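S.K.: This is the structure I want to talk about, given as structure tokens.
The values are calculated or read from the model by the stated rules, or taken from the named source; none is laboratory data. Please read these numbers as outputs of a predicted model, since none were measured by experiment. Heads up, the Cβs are rebuilt from the backbone with ideal geometry, glycines too, and the neighbour counts pull from every protein chain shown. Just the protein is used for accessible areas: all its heavy atoms, side chains included, with ligands, DNA and RNA removed. Shrake-Rupley method; radii C 1.70, N 1.55, O 1.52, S 1.80 Å.
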Amino acid sequence: MDWVKKPSEHETKISAHFNGKVRYDGAPIFDKPFVALLFTNRCGSNLFAEYLVNTGYIGGMGEATNFPGVIRRSTKFGIDNYAGFVRHEAEAVLAKGRHFGMKVAVNQLAMLLRWNILGMFPGMVVYHVVRDDLLGQAISMSIAKQTGQWTSKQEAKPADPEFQFNLISQIVERTALNNASGRLLVESIGAPYRQFRYEEFTANPEPHIRDALGMIGIAPETLKLPEATLKKQANALNDSFRAKFLGHLVSQGTLRGQP
């Protein structure tokens, strides 16, 4: 967990933008718990967030801990501290009777805890989206890094993605570490937590979204989820990278015992 203690680039740049005015020291000001969607890149969190927002019970679910968006929006609205920024974002959602949530990586959740931003809320629930197929997730991430296409709604930059064994290996390891440390961090503070697997909720989202709503005390009699606008991006290129990666393991003797 040592690396979770180290401020991320987002934490450093947000703090610099607000001249260190990032901590909240008051009593809770909202009456609904904060919803944290804990994620790693390419895990399916954007799809899960879309389903949540489409229920009409949860709003926000953006990345209000990413420094480019925080700097842009706080400048636009003349906000000079991070707690004020979160309040501005949350009030727009809560005014509609919804719970306010954010997508957060484990380092960003740690940032919110360090700055006591969660003290603005009467509690927190955590939805943790993971993929069983870490290799597929890493391959998807390696391609997105090269094309700049992070969701199906974005246009890919002209690129011919290259197979990079070392990069994919590093992403697999980092993702596994993030998943483990995220769960440990949440358990350490005792917040309600549930893990949602990409392979399960994509096949049939309704029971999983019902479970998520149940964590915030909502049990609708009917739940109609419109078809998601985000689409699966994996294609034959992903399959070819998988075959190359697994073939590399064999060719390098990774799966052979020592003579």
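S.K.: Grab the DSSP H runs of the chain that are 4 residues or longer, score each as -39,500 (n - 2.57), total them, divide by all residues and round the 222 nm result to the nearest 500 deg cm²/dmol.
M.R.: Mean residue ellipticity at 222 nm (helix-derived): -14500 deg cm²/dmol.
S.K.: Each residue of segment 125-135 in turn: what ³J(HN,Hα) in whole Hz from Karplus with 6.51, -1.76, 1.60 and θ = phi - 60°, glycine and Pro shown as x?
M.R.: The phi angles translate into 10, 10, 9, 10, 8, 9, 10, 5, 7, 5, 5 Hz.
S.K.: Considering only protein heavy atoms, with the full assembly of protein chains and a 1.4 angstrom probe, order D160, D239 by accessible area, largest first.
M.R.: Output order, biggest surface exposure first: D160, D239.
S.K.: Report, to the nearest 10°, how far helix 205-214 tilts away from the longest principal axis of the Cα atoms in the chain, using its own Cα long axis and a range of 0 to 90°.
M.R.: That helix lies at roughly 40 degrees to the long axis.
S.K.: Excluding ligands and nucleic acids, what accessible area in Å² is computed for F165 using a 1.4 Å probe, to the nearest 10?
M.R.: Taking all protein chains as shown, F165 has close to 50 Å².
S.K.: Expressed as cubic angstrom per residue, what is the convex hull volume of the alpha carbon set of the chain?
M.R.: Normalising the Cα hull of the chain by residue number yields 155 Å³.
S.K.: Calculate what fraction, in whole %, of the accessible area of the chain sits on carbon and sulfur atoms when a 1.4 Å probe is rolled over the protein chains.
M.R.: That share works out to 51 percent.
S.K.: Follow-up question, since we're still on this one. Take the chain, mark every one of the GluC sites (Glu not before Pro) that falls in a DSSP loop and has at most 13 other Cβ within 10 Å, then report the longest stretch left between them, sites excluded.
M.R.: Result for the longest clean stretch: 1-154.
S.K.: How big is the antiparallel share of DSSP beta bridges in segment 1-121, given as a percent to the nearest 5?
M.R.: Counting DSSP beta bridges with both partners in segment 1-121, the antiparallel share is about 0 percent.
S.K.: Additional query: Which whole-angstrom value gives the distance between the alpha carbon centres of segment 173-196 and segment 74-132?
M.R.: 18 Å
S.K.: Can you tell me the 0 to 90 degree angle between the C-alpha axis of helix 82-94 and the longest principal axis of the chain, rounded to 10?
M.R.: The angle comes out at about 90 degrees.
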